[in-house]
Amino acid sequence: MLVAGTKMVGAYTKLGVYKFADLVSKLAEKGIQITEDLLSAIKRAYGAFAAESDIDELDDKFSIEGEVGFAELEGELAFITVSNKYADADICLYGAHITSFRPRNSMDLLWISPDSNFEVGKPIRGGIPVCFPWFGPHKTDPSKPMHGFARLMYWDVLETATKPSGETFIRLQLCSSDETKAYWPFDFCAEMN
């Protein structure tokens, strides 16, 4: 069952047919039991595909020449790279996590743990994380992710812009889906600017 499911994951992700939550639902509809091993394989396959295929699309849609770009900086995760007259910064789309902030003529002000794996399914340690919808351990279910699930999800880029002052504006969004409702049964749309 796992082998068949893993092959289907690879086929679906390479075609770019489904978002992560839709892919899990589609496999379940086909009678494939979603085990922890299969879920990990889906996350790895989807994460690798998303980072590889989305970077060109994100660059085409949201890059600002000499200021905002998209790249794989660590592992296979997609990052926004920002460089303006004030600072340089790196923001991982997985978790909307700021991993680097370097003011002009200064060193990086953020620390990243050497234990960070930079892979789908694992949180980035250090930097500036997004803790949502809870902070610390879940109050009633310790098996749920520490500090919420938002740091374990890909966020969508909605907008990039240069402000008249020379600052860079970036707007990211994470909305409820079947995947988020497995952790938290509420509809929401969270935005980060």
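The H on the amide N of Leu158, modeled in the peptide plane, is under 5 Å from the matching H of Arg171, Leu172, Gln173, each at least 5 residues off or on a different chain. Ordering Leu110, Gly148, Pro137 by Cα displacement along the dipole of the stretch 109-164 toward the positive end leaves Pro137 in first place; charges were set at the Cβ atoms of Lys, Arg (+1) and Asp, Glu (-1). Taken one residue at a time, the phi angles of the stretch 167-172 give Karplus couplings (6.51, -1.76, 1.60, θ = phi - 60°) of 6, 9, 10, 10, 10, 10 Hz. Gly and Pro are set to x. Counting only protein heavy atoms and a probe of 1.4 Å, the accessible surface of the stretch 66-124 is 52% carbon and sulfur. For the stretch 143-159, backbone phi angles converted through the Karplus equation (6.51, -1.76, 1.60; θ = phi - 60°) give residue-by-residue couplings of 7, 6, x, 4, 6, x, 9, 4, 7, 10, 10, 6, 9, 8, 8, 9, 6 Hz, Gly and Pro being listed as x. The overall shape of the stretch 122-173, judged from the alpha-carbon gyration tensor, is prolate: a/c is not under 1.5, and a/b is greater than b/c.
Indicate the gyration tensor shape class of the stretch 104-193 (rounded, prolate or oblate), computed on the Cα atoms with a ≥ b ≥ c the square roots of the eigenvalues: a/c under 1.5 is rounded; otherwise a/b larger than b/c is prolate and the rest oblate. Note, shape of the stretch 104-193 comes out oblate.
Take every Cα pair under 8 Å in the stretch 72-115 that's 6+ residues apart, average their separations, divide by the length, and report that relative contact order as a whole percent.
RCO, the stretch 72-115: 25 percent.
In this rough spin-label picture, where each label sits 7 Å from Cα along the Cβ direction, the Glu76-Lys181 distance is 2.8 nm.
The values are calculated or read from the model by the stated rules, or taken from the named source; none is laboratory data. Because the structure is predicted, anything quoted here is derived from the model rather than measured. Methodologically, a virtual Cβ is constructed for each residue, glycine included, from the backbone with ideal geometry; neighbour enumeration extends over all protein chains shown. Just the protein is used for accessible areas: all its heavy atoms, side chains included, with ligands, DNA and RNA removed. Shrake-Rupley method; radii C 1.70, N 1.55, O 1.52, S 1.80 Å.
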